[in-house]
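A.B. asks: Below you will find the structure I want to go over with you.
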Amino acid sequence: MFRLTEDRAVINRYGFNSTGVDAVGQNLRDFVADKDDVLVERSNTSGGKSSSSFSDIWKSTADGEDVQGKVMHVVRAFFAYFSAYIPTRKQPVPAFGMLGVNLGKNKTSADEIADYSLGIRRLGPYADYLVVNISSPNTPGLRGLQRREPLRRLLDAAVAERNALPPSKSAIPLLVKIAPDVTDQELEDIAAVVKEAGIDGVIISNTSTYRPDTLVSLNRKEAGGLSGAPIRQMSTECIRKFYALTDGSIPIIGVGGVGSGHDAYEKLKAGASLVEIYSMMVYEGPGVVSRIRGELAGLMVQNGQRSVEDVVGLDHEDIYWRKREERMKEELSMETLFVEE
């Protein structure tokens, strides 16, 4: 991985390096087990807030457990403790956040559908959502799956495999992650197949193989996927086009060059319902999330918007106002139902 500090960018050529589905599955099982233990402990305390100090939690861990294991147990307890202070929302935030599993094919695989199907079958039971990644530039042949017919076969198999998971997981969201530098025809094909297959959402976008002339870092010629500020506009434009192609019917997670509240605001206006941050965390750390969130809230207040929902798709006037009218009718219907009850 290479920093392009002057460009506020990163180039990586990791690919899908992994110790394999067995090791990942064991890690996920351990995580879910630890999470459940901490949540049970929290539910047994007054008001959902633990009365034990973190030193007590440290002492309560297994004597034979190594220091790293003890640290991870305390960290998880920390998050569980403070999650009790999260205010109630329409959809409560899980105490341990959302656990997504990103799936790709093996570099030398002759049967990519079998790879994705195995990943869904083995790892899906531990996930809150699954991502079919068909856009890493570091895996030979992977982006070929973004063509209409290969994508149709893959997504039909992925949906069937997800539907066959245990009942508690058979409806978890299944998303597709695409590249920012697809052609207009490829984007049209992806939009059509995603709608037909019943995919729950699309992540736009992955890293790019494009190297704009504006790059100045000495690392600009490194091979791999480019992320960060230089692909911000490319990613946002891809979101805008996809939202229009799907008439706003497929939720979009916007990724690519988000480094300010304004960047996030532009992604939302283009059609994203959620925004992810990666590269900027390399330069500013996790605190960047609070800064961006604060800047975004300020922009929304200036524009008279009370929720993110009021911003999503604002660049598409016809779609935006039609969806807003539909939401208002739905809210009115719910209010009427509440009064009658």
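The values are calculated or read from the model by the stated rules, or taken from the named source; none is laboratory data. Only a predicted model underlies this, so the values are computations on that prediction, with no experimental measurement involved. No Cβ is skipped: glycine too gets one built from the backbone with ideal geometry, and neighbour counts run over all protein chains shown. Ligands, DNA and RNA are excluded from the accessible area calculation, which covers all protein heavy atoms including side chains. Shrake-Rupley method; radii C 1.70, N 1.55, O 1.52, S 1.80 Å.
A.B. asks: May I ask you to say which residue of ARG3, ARG29 is among the basic types (Lys, Arg), modelled with pLDDT of 60 or more and exposed (fewer than 15 other Cβ atoms within 10 Å of the Cβ)?
C.D. replies: Details: ARG3 fails: exposed (fewer than 15 other Cβ atoms within 10 Å of the Cβ).
Result: ARG29 is the single residue among ARG3, ARG29 that is among the basic types (Lys, Arg), modelled with pLDDT of 60 or more and exposed (fewer than 15 other Cβ atoms within 10 Å of the Cβ).
A.B. asks: Select, from ASP247, ASP189, ASP213, the only residue that is over 18 Å from the mean Cα position of the chain (by Cα) and within 26 Å of THR5 (Cβ to Cβ). Spell out how you get there, then give the answer.
C.D. replies: On the way: ASP247 fails: within 26 Å of THR5 (Cβ to Cβ); ASP189 fails: within 26 Å of THR5 (Cβ to Cβ).
ASP213 is the lone residue from the list that is over 18 Å from the mean Cα position of the chain (by Cα) and within 26 Å of THR5 (Cβ to Cβ).
A.B. asks: Restricting the first residue to region 299-327 and requiring it to be touching a residue at least 12 places away in the same chain (Cβ under 8 Å), which pairs with a second residue that is surrounded by fewer than 17 Cβ atoms within 10 Å (Cβ to Cβ) and among the acidic types (Asp, Glu) meet a Cβ separation below 7 Å and a spacing of at least six or different chains?
C.D. replies: ILE319/ASP247
A.B. asks: Return only the number of the condition from (1) under 30 Å from ASN12 (Cα atoms); (2) open to solvent by 50 Å² or more (accessible area, probe 1.4 Å); (3) among the charged types (D, E, K, R) that ASP318 does not satisfy.
C.D. replies: If we test ASP318 against (1) under 30 Å from ASN12 (Cα atoms); (2) open to solvent by 50 Å² or more (accessible area, probe 1.4 Å); (3) among the charged types (D, E, K, R), just (1) comes out false.
A.B. asks: Moving on. I need the full set of residues from region 159-193 which are more than 18 Å from SER205 (Cβ to Cβ) and among the charged types (D, E, K, R), in order please.
C.D. replies: GLU161, ARG162, LYS169 - these are the residues of region 159-193 that are more than 18 Å from SER205 (Cβ to Cβ) and among the charged types (D, E, K, R).
A.B. asks: Taking region 96-144, which residues are over 19 Å from PRO173 (Cβ atoms) and in contact (Cβ under 8 Å) with a residue 40 or more places away in the chain? Step through it out loud before you land on a result.
C.D. replies: Taking region 96-144 first, the residues over 19 Å from PRO173 (Cβ atoms) are 105-115, 118, 136-144.
Once the filter is applied, which keeps residues that are over 19 Å from PRO173 (Cβ atoms) and in contact (Cβ under 8 Å) with a residue 40 or more places away in the chain, region 96-144 yields LYS105, ASN106, LYS107, GLU112, ILE113, LEU118, SER136, PRO137, ASN138, THR139.
A.B. asks: Restricting attention to region 6-17, which residues are open to solvent by less than 80 Å² (accessible area, probe 1.4 Å) and either of a type in the set (A, V, I, L, M) or under 18 Å from LEU142 (Cβ atoms) (or both)? I'd like the intermediate steps shown before the answer.
C.D. replies: Taking region 6-17 as the starting set, the residues that turn out to be open to solvent by less than 80 Å² (accessible area, probe 1.4 Å) are 7, 9-12, 15-16.
Passing the criteria: ALA9, VAL10, ILE11, ASN12, GLY15, PHE16.
A.B. asks: Does any residue of region 242-259 turn out to be open to solvent by 20 Å² or more (accessible area, probe 1.4 Å), in contact with an Asp or Glu (Cβ under 7 Å, 6 or more places away or on another chain) and either assigned to a helix (DSSP H, G or I) or modelled with pLDDT under 95 (or both)?
C.D. replies: yes
A.B. asks: From the residues in region 216-233 that are among the hydrophobic types (A, V, I, L, M, F, W, C) and surrounded by 19 or more Cβ atoms within 10 Å (Cβ to Cβ), which one is nearest to GLU6 (Cα to Cα)?
C.D. replies: Initially, region 216-233 is screened for residues among the hydrophobic types (A, V, I, L, M, F, W, C), giving 216, 218, 223, 226, 229, 231.
Now narrow it down to the ones that are surrounded by 19 or more Cβ atoms within 10 Å (Cβ to Cβ): 226, 229, 231.
Working: LEU226: 14, ALA229: 10, ILE231: 14 Å.
Per the criteria, the residue is ALA229.
A.B. asks: For region 297-314, check the following and say yes or no: at least one residue is among the hydrophobic types (A, V, I, L, M, F, W, C), open to solvent by 70 Å² or more (accessible area, probe 1.4 Å) and modelled with pLDDT of 95 or more.
C.D. replies: For region 297-314, residues among the hydrophobic types (A, V, I, L, M, F, W, C), open to solvent by 70 Å² or more (accessible area, probe 1.4 Å) and modelled with pLDDT of 95 or more: present.
A.B. asks: Out of VAL282, VAL289, report the one residue that is over 27 Å from THR209 (Cβ atoms) and either under 18 Å from the mean Cα position of the chain (by Cα) or at pLDDT 95 or above (or both). First the steps, then the outcome.
C.D. replies: On the way: VAL282 fails: over 27 Å from THR209 (Cβ atoms).
VAL289 is the lone residue from the list that is over 27 Å from THR209 (Cβ atoms) and either under 18 Å from the mean Cα position of the chain (by Cα) or at pLDDT 95 or above (or both).
A.B. asks: Taking into account only those residues within region 210-241 that are part of a loop (DSSP other than H, G, I, E, B) and of a type in the set (S, T, N, Q), which is nearest to TYR320 (Cα to Cα)? Spell out how you get there, then give the answer.
C.D. replies: Initial filter on region 210-241 (part of a loop (DSSP other than H, G, I, E, B)): 210-217, 222-224.
Filter once more, keeping what is of a type in the set (S, T, N, Q): 214, 217.
On the way: THR214: 34, SER217: 40 Å.
Per the criteria, the residue is THR214.
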